[in-house]
1. Sorted by accessible area (1.4 Å probe), largest first, how do ASP396, ASP303, ASP295, ASP250 line up?
2. Among LYS80/LYS196; LYS144/LYS262; LYS278/LYS398; LYS183/LYS465; LYS384/LYS411, which pairs are too far apart, with a Cα-Cα distance over 21 Å?
3. I'd like the distance separating the alpha-carbon centroids of the range 269-307 and the range 412-452, in whole Å.
4. So how much accessible area does LYS218 have, in Å² to the nearest 10, using a 1.4 Å probe?
5. Report, in order of residue number, the helices in the chain meeting two criteria: a C-alpha extent of 24 Å or more along the helix axis, and a mean Kyte-Doolittle hydropathy of at least -0.5; treat each whole DSSP H run as one helix.
6. Rank ILE454, ILE469, ILE401 by accessible area, highest first, at a 1.4 Å probe radius?
7. Rounded to the nearest 20 debye, what is the charge dipole size of the chain about its Cα centre when +1 sits on each Lys and Arg Cβ and -1 on each Asp and Glu Cβ?
8. To the nearest 500 deg cm²/dmol, what mean residue ellipticity at 222 nm is calculated for the chain from DSSP H runs of n ≥ 4 alone, each contributing -39,500 (n - 2.57), summed and divided by the residues?
Amino acid sequence: MEKPLAGKCHKEVWFGILVSFVLCFTILCFDYSTSMLGVYNGVNLLVRRVHPYITRDSCYGRYIYVHDDLPAKFNDDLLKNCQNLTTGSKPKNSDTQNMCRYIVNLGLGPEIEEPEGVLANESWFITNPYLLEVIFHNKMKQYKCLTNNSNQASAIYVPSYVGLDASLHLWDFNLTVRDYSAKDLVGWLSGKPEWKKMWGRDHFMVAGRTSWDFRRQKENSSDWGTNLRFLPESMNMSMLSVEGSLWKNDFAIPYPTNFHPKNDSDVVQWQNRVRSQKRPFLFTFVGAPRPDMKDSIRGKLIDQCQASSNCKFLHCGSSGINCNNPVTVMRVFESSVYCLQPPGDSHTRRSTFDSILAGCIPVFFHPATAYTQYLWHLPENHTKYSVFIPVKEVEDLKEGIIEKTLLEISKHEALAMREEVIRLIPNLVYADPRSRLETEDAFDLTVQGILERIENVREVIRERKDPSIGFADEDNFKFTFPETPE
């Protein structure tokens, strides 16, 4: 009578073991499948509730898939033929310098050999801002959350040098030639299996030019730019460039400066230097007038600067000083409390980031020069680090208003603003791609920003809503002045 009972217990034990094994196997498979689906299906939290003892992947929600299979004609071949690339805003010809000397050091440019006591360490280069897309690509190669599995990726990076590519034909009157490469690129992308997951809304690319250079709306050869951003496939993508346009799928990221620290001590050393700098000038302007632009305030701004003994004017351009020399520019910025940043050919300026790097408080005249552009990198409360003198029309810049406004700011307020400016420095520079900082640099904040943007789109999809609504709509707020009380 004892043996049947023992046999029954024996079977129950084995049955329990079998059930436990099946449950564990099911949970593990479920965890694996959800980690592969990643943020897109939003089920990782459920898995963690089932077995919270499993350590969360440190890259969860941050994986990026890079289209390394992109044809070389869209990136590497452009650098191999750098003699055809212009260094500035004019077409390449026999009289203009080509880009070849600037592509060295992974796009940072040649090292500055004679800092003349103005620059503190060896992390300084002569960087051409149009090479931001090259610098970003090389930074991405060192990103710690890359994946070869596009299903695991939270974002897909397209390493096309669209700005350099566009510069080859921006001045061509034949629109077929001007737009050919853009159509070729989106045709290649839309034919890849990765495209169909979100129809491109998880794709992003980077440009060293303003996004306006890719926003030609009419089929008129006299209109500026390519039509890349108005191609249907491109409208599903996000572009990160030095200046965003009216459209919500264009985002601004900082211009590259000439400072590319190799380690955190380089940053701290530089911050300490600019913090202790003597600043004999109240304000300064580094730039050139725009006599051909009737809406430009630069002429009146320069007049006010030259009329004041408290202001230093550095006249850049063919008839002035070569401001492509970082030593020349930084010497002036380091000697000033405030640096004037009026719009130029477009609303934004690389000079904004050079001045902040020098510990000089920027003075803005239009919100689209910084406040409504660099949302991922600058504080929402712009009064903490800058001065705003709103100038909607040229006649709004009254005589002496700049100096009067700046003199009304107390020394205590100015010191607080300068300290905030200095604090911002590491977030606005692109560290040397051959190294990695503990502090977040401009690249890190950009990646965080685009990942959040794409996750918001996924959330819309999870709610069974149309992700195209609002994705690429116009955003006129970006270029309007804030309302002021009557």
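The values are calculated or read from the model by the stated rules, or taken from the named source; none is laboratory data. Every value quoted in this text rests on a predicted model; they were computed, and no experiment measured them. Quick reminder, even Gly has a Cβ in these numbers, built from the backbone with ideal geometry, and neighbours come from all protein chains shown. Heavy atoms of the whole protein, side chains included, go into the accessibility calculation; ligands, DNA and RNA do not. Shrake-Rupley method; radii C 1.70, N 1.55, O 1.52, S 1.80 Å.
1. Values: ASP396 60, ASP303 95, ASP295 115, ASP250 5 Å².
So, going from the largest accessible area down, we get ASP295, ASP303, ASP396, ASP250.
2. Checking Cα-Cα distances, LYS80/LYS196; LYS278/LYS398; LYS183/LYS465 exceed 21 Å.
3. Centre-to-centre distance over Cα atoms comes out at 23 Å.
4. The accessible area comes out at roughly 130 Å².
5. On the way: long enough: 2-37 (53 Å, 0.81); 411-428 (25 Å, -0.09); 442-462 (30 Å, 0.13).
Both cut-offs are met by 2-37, 411-428, 442-462.
6. Working: ILE454 0, ILE469 130, ILE401 50 Å².
Greatest to least solvent exposure: ILE469, ILE401, ILE454.
7. Numbers: 55 positive and 60 negative charges, 189 e Å.
About 900 debye.
8. Working: 15 runs with 171 residues, N = 486.
Calculated at 222 nm, the ellipticity per residue is -11000 deg cm²/dmol.
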